[in-house]
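See below for the structure under consideration.
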Amino acid sequence: MDNARFNKYFSAFILIGMAAATVIATAIKFGPSSGPERILLTVSALGSLLGVAASVTSASGYAITFLFGLFNVLIYGTVCTINWYNGSSGLGTALLHFLFTAPMQVIGFIQWKKRGTNKEGAVKARRLTAGQRWLATGIFLAASVVAYVIIAQFDRSAADTFIKTAVVLDVLPLVCNILGQVLMSTAYMEQWIFWIGVNIFSIAMWSNTLAHDSGSSYAIIYIIKYSFYLINSFNGMRIWLQLSREAADNQGSRDPR
């Protein structure tokens with residue numbers, strides 16, 4: 001099977017699998033839920049489907065990802081705000097999506113259009129230098145500490161431990177999201193390292209919410225969503241390794257030296 005056909009089948013698997021899992025999970029949780037919780041379940045399911053569409057098109061390098069992403073960001077930010085208000089984690093992620101990720105969808109679309117596409121219509125990807133990778137690592141560590149100190153001041157989980165689990169599970173996907181979004185909008189392959197982190201930490205965050213809040217059945221939608229995201233992010237890294245290699249080869253062939 002050639003690479004293009006594999007990508008099509010894989011994308012179909014992610015989209016169909018996510019849709020089926022979301023519908024089933026929503027139907028199971030819908031019956032015993034209250035009115036407001038049913039609304040959250042429905043909205044969360046819609047946002048998750050838009051989000052997985054954005055993730056799949058992003059992995060393939062198509063600019064339409066930013067349209068799907070914008071709607072997903074607004075929905076997810078709203079749900080995270082409600083989640084935080086009810087005493088669980090989510091404030092940092094909500095602020096991130098409203099104040100940063102939403103505007104970055106517009107910036108990313110413009111940047112990808114400026115970079116141009118290859119013959120298949122995918123953006124011309126690139127890679128960080130070794131120095132830039134070390135810089136990104138340092139920024140991640142420093143930003144995580146700063147974000148923890150700030151968000152811990154607004155923690156509603158009533159935890160009295162030295163390290164608050166809910167805050168940690170809020171901070172890690174937040175920082176990974178910021179760096180992943182910046183690298184995505186500027187078409188760097190290394191975005192996928194941070195997206196993998198976002199997906200792993202988000203699964204942990206929503207699993208913690210589900211375990212400690214009896215009224216958070218909508219969290220199962222996000223556990224499913226980020227599980228599919230995680231699978232897709234590994235495929236996205238594989239595709240972008242190839243895209244960035246092709247872009248580097250093409251750049252080298254035009255170098256007169």
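The values are calculated or read from the model by the stated rules, or taken from the named source; none is laboratory data. Note that the structure is predicted; figures quoted are calculated from it, not measured. Note that each Cβ is placed from the backbone with ideal geometry, even for glycine, and that neighbours are counted across all protein chains shown.
Quick notes on this structure:
- Selection from segment 82-125 of residues that are closer than 20 Å to Leu179 by Cβ and among the aliphatic types (A, V, I, L, M): Leu91, Ala94, Leu95, Leu96, Leu99, Ala102, Met104, Val106, Ile107, Ile110, Val123, Ala125
Residues are listed down the side, and each one gets a yes or a no for (1) on the phi < 0 side of the Ramachandran plot; (2) touching a Gly at 6+ places or on another chain (Cβ under 8 Å); (3) at pLDDT 85 or above; (4) of a type in the set (Phe, Trp, Tyr):
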residue	(1), (2), (3), (4)
Phe71	yes, yes, yes, yes
Cys80	yes, yes, no, no
Gly90	no, no, no, no
Arg127	yes, no, yes, no
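- Condition broken by Val43, with the remaining ones in (1) in contact (Cβ under 8 Å) with a residue 40 or more places away in the chain; (2) farther than 19 Å from Met189 by Cβ; (3) β-branched (Val, Ile, Thr) satisfied: (1)
- Subset of segment 195-215 that is touching a residue at least 40 places away in the same chain (Cβ under 8 Å) and not hydroxyl-bearing (Ser, Thr, Tyr) - its residue that is surrounded by the most Cβ atoms within 10 Å (Cβ to Cβ): Met205
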